[in-house]
Amino acid sequence: MRILIVEDEAGIASFLKQGLEEEAFAVDLADNGMDGLQLAFSGDYDLLLLDWMLPGISGIEICRQFRKEFPETPVIFLTAKDALEETVFGLQSGANDYIKKPFHFEELLERIRVQLRPKSGDHAIFTLGTISLNTETHQVFKNETEVSLTQKEFALLEFLIRNKGKVCRRTRIIESVWDIQFEYNTGIIDVYINALRKKLSLTGSENLIHTVRGVGYIAKD
Ligand code: CA
């Protein structure tokens, strides 16, 4: 899952990026409104975290413009403002939620997870054949035995499982699992897929992650 953070306070921005990367998210940063707006429109983001007061264009304005084009993508405001009418104004601009600074990282993480939950069914658990993946505890089980994955392996498996039954192009995988600073090299995906197959013992007829030659990968039960 890929998140865009638009925040001009460098300390908060890097703290959030690091924290979210530890939770296996791919994170891009913009430190002003103009760059934030451009990235929001160009990237394939699963969620936006917007500061309210930004140089250039405000978070509210980014949210308004973004909403017209991307009605489904969740937006959460980070704001020092706490007056009720301003909060209402923020939500009216199309944001899904807001969190007041200073906040605890765990609280923000929980709000992000709430926004990224599937709308129906079990909230946190995704399955692929005998594999189950819990996005909240970050555990992966194969036939009830826990399998230990790195953050990137987890993020890659999560992406494939969330898109189960659909062909995932290499470029989309890179965009979702790695951030824009990542040197563009889709060969890295193969390395991670091989590691996943090995750790999950996906061999022969039991392979649940299939290669689509020249295109990418597909997860199928
Ligand atoms: Ca600010």
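The values are calculated or read from the model by the stated rules, or taken from the named source; none is laboratory data. Source: prediction; values computed, not measured. We place every Cβ from the backbone using ideal geometry, glycine too, and count neighbours over all the protein chains shown. To get the accessible areas, we keep the full protein, side chains included, count just its heavy atoms, and leave off ligands, DNA and RNA. Shrake-Rupley method; radii C 1.70, N 1.55, O 1.52, S 1.80 Å.
The residues of the stretch 95-152 that are small (Gly, Ala, Ser) and open to solvent by 40 Å² or more (accessible area, probe 1.4 Å), listed by number, are Ser120, Gly121, Gly129, Ser148. Charged (D, E, K, R) and more than 21 Å from the chain's Cα centre (by Cα): is that true of Glu175 in this structure? Criteria not met by Glu175.
A Cβ distance below 6 Å, combined with a sequence gap of six or more or placement on separate chains, defines the contacts here; from the stretch 98-111, residues that are in contact (Cβ under 8 Å) with a residue 60 or more places away in the chain reach no residue that is part of a helix (DSSP H, G or I) and open to solvent by 90 Å² or more (accessible area, probe 1.4 Å). Based on this model, can you work out whether Leu109 counts as under 21 Å from Lys152 (Cα atoms), within 16 Å of the ligand (Cβ to nearest atom) and not in a loop (DSSP other than H, G, I, E, B)? Spelling it out, it is not the case that Leu109 is under 21 Å from Lys152 (Cα atoms), within 16 Å of the ligand (Cβ to nearest atom) and not in a loop (DSSP other than H, G, I, E, B). For the stretch 164-179, the condition holds for no residue, the condition being that it is part of a strand (DSSP E or B), surrounded by fewer than 20 Cβ atoms within 10 Å (Cβ to Cβ), modelled with pLDDT of 95 or more and not assigned by TED's automatic domain parsing to the domain that holds Phe25.
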